[in-house]
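Read through the structure below, which is laid out as structure tokens, and then see the notes.
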Amino acid sequence: MSGDTSSRKVKRFSESDRGSDFDAATQKALEEIDVCQNEIDNINEKASEEILKVEQKYNQLRKPFFDKRNHIISNIPNFWITAIMNHPDLSALLDDSEEDCLHHLTKLEVEEFEDIKSGYWIKFYFEENPYFENAVITKEYHLGCATPTSESTQIIWKEGCTLGQISETSRGGRKRRHEPSKTFFGWFNDNIDPYTDDIAEVIKDDLWLNPLQYYLVPDVEGDGENNGMEQDDGSSSSDIEETGDDDENKSASQRGRSA
């Protein structure tokens, strides 16, 4: 942070600025502003350090409850796949095969690096399944360097199973190389740009913090039931039309007797 601040100060009030066209009063005022800004930057840097210590403290306080929560979740079949499928941003990732695969997901875990700002892990734990051999697959984010990077566990696919990839066929019928698709495992294997990884942020900052809210999303199917309730009195549009016809016939008969 201090490196960024110093570079901004040079741009804001460099030596060349001191010999510019400002009059003496303005020049003095600008120098005083620069001194104030230096103090503000120093305070901001100290604040970041203090905030980091607080975050580290509360991460340690939260961890036993995250562990306890995961232990309880392990007794609920299909908890994580249900929460994922109910999540508006994550459900769109899964095709049918991936949804079936994630029924074998037994635990999800997000763990920040000790200094928090430099990165985190997202870990997916699986029971034995027909798709791959790994018991745990991990995606690791390194954000505290000049060029952020991410790494993914190499998945050991079982014969005939390679989820998250598609093969395209050219016009000449020759297959092109496999390319990651917009699916869960396509995301998992994509390590191009960690800073634009919205899925990781959703998992880390939303799903992981409170998965229960998504597991308990009510079933919204059957919205058409209200339409049936509206006609519970036995009436219908055809009944109304018939009633109207009867009234007209009665009125015509009464007019005939009056004549």
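When Ile116, Ile84, Ile76 are screened for being touching a strand residue (DSSP E or B) at 6+ places or on another chain (Cβ under 9 Å) and outside any strand (DSSP E or B), only Ile84 passes. Filtered by the rule that a residue be of a type in the set (D, E, K, R) and either under 21 Å from His104 (Cα atoms) or not in a helix (DSSP H, G or I) (or both), region 60-73 gives Asp67, Lys68, Arg69.
Within region 30-43, the set of residues being surrounded by fewer than 12 Cβ atoms within 10 Å (Cβ to Cβ) and either assigned by TED's automatic domain parsing to the domain that holds Asp205 or not β-branched (Val, Ile, Thr) (or both) comprises Glu32, Cys36, Glu39. Scanning region 56-89 for residues that are in contact with a Leu (Cβ under 7 Å, 6 or more places away or on another chain) and within 30 Å of Ser118 (Cβ to Cβ) turns up Trp80, Ala83, Ile84, His87. Restricting attention to region 63-95, the residues being outside the structural domain of Val202 (by TED's automatic domain parsing), surrounded by 10 or more Cβ atoms within 10 Å (Cβ to Cβ) and farther than 21 Å from Leu216 by Cβ number 2. Here Gly228 meets each of (1) modelled with pLDDT of 50 or more; (2) exposed (fewer than 10 other Cβ atoms within 10 Å of the Cβ) with one exception, condition (1).
Restricting attention to region 106-160, which residues are more than 24 Å from Glu55 (Cβ to Cβ) and among the hydrophobic types (A, V, I, L, M, F, W, C)? Correct list: Phe124, Phe126, Phe132, Ala135, Val136, Ile137, Ile155, Ile156, Trp157. The single condition among (1) of a type in the set (S, T, N, Q); (2) in contact with a strand residue (DSSP E or B) (Cβ under 8 Å, 6 or more places away or on another chain); (3) buried (at least 16 other Cβ atoms within 10 Å of the Cβ) that Asn129 does not satisfy is (2).
Examine region 46-59 for a residue that is under 21 Å from the mean Cα position of the chain (by Cα), part of a helix (DSSP H, G or I) and not assigned by TED's automatic domain parsing to the domain that holds Ile199, and state whether such a residue exists.
Yes: one or more hits.
Out of curiosity, is Lys204 modelled with pLDDT of 95 or more and basic (Lys, Arg)? Considered against the rule, which asks whether it is modelled with pLDDT of 95 or more and basic (Lys, Arg), Lys204 comes out as yes. Tell me, please, whether a residue that is surrounded by 13 or more Cβ atoms within 10 Å (Cβ to Cβ), modelled with pLDDT of 95 or more and outside any loop (DSSP other than H, G, I, E, B) can be found in region 161-183. No. Within region 144-155, can one find any residue that is surrounded by 15 or more Cβ atoms within 10 Å (Cβ to Cβ), modelled with pLDDT of 95 or more and of a type in the set (A, V, I, L, M, F, W, C)? Looking for residues that are surrounded by 15 or more Cβ atoms within 10 Å (Cβ to Cβ), modelled with pLDDT of 95 or more and of a type in the set (A, V, I, L, M, F, W, C), one finds at least one in region 144-155, hence yes.
The values are calculated or read from the model by the stated rules, or taken from the named source; none is laboratory data. The structure presented is a predicted model; accordingly, all values stated were derived computationally and were not measured. Please note: Cβ atoms are built from the backbone with ideal geometry, for glycine as well, and neighbour counts cover all protein chains shown.
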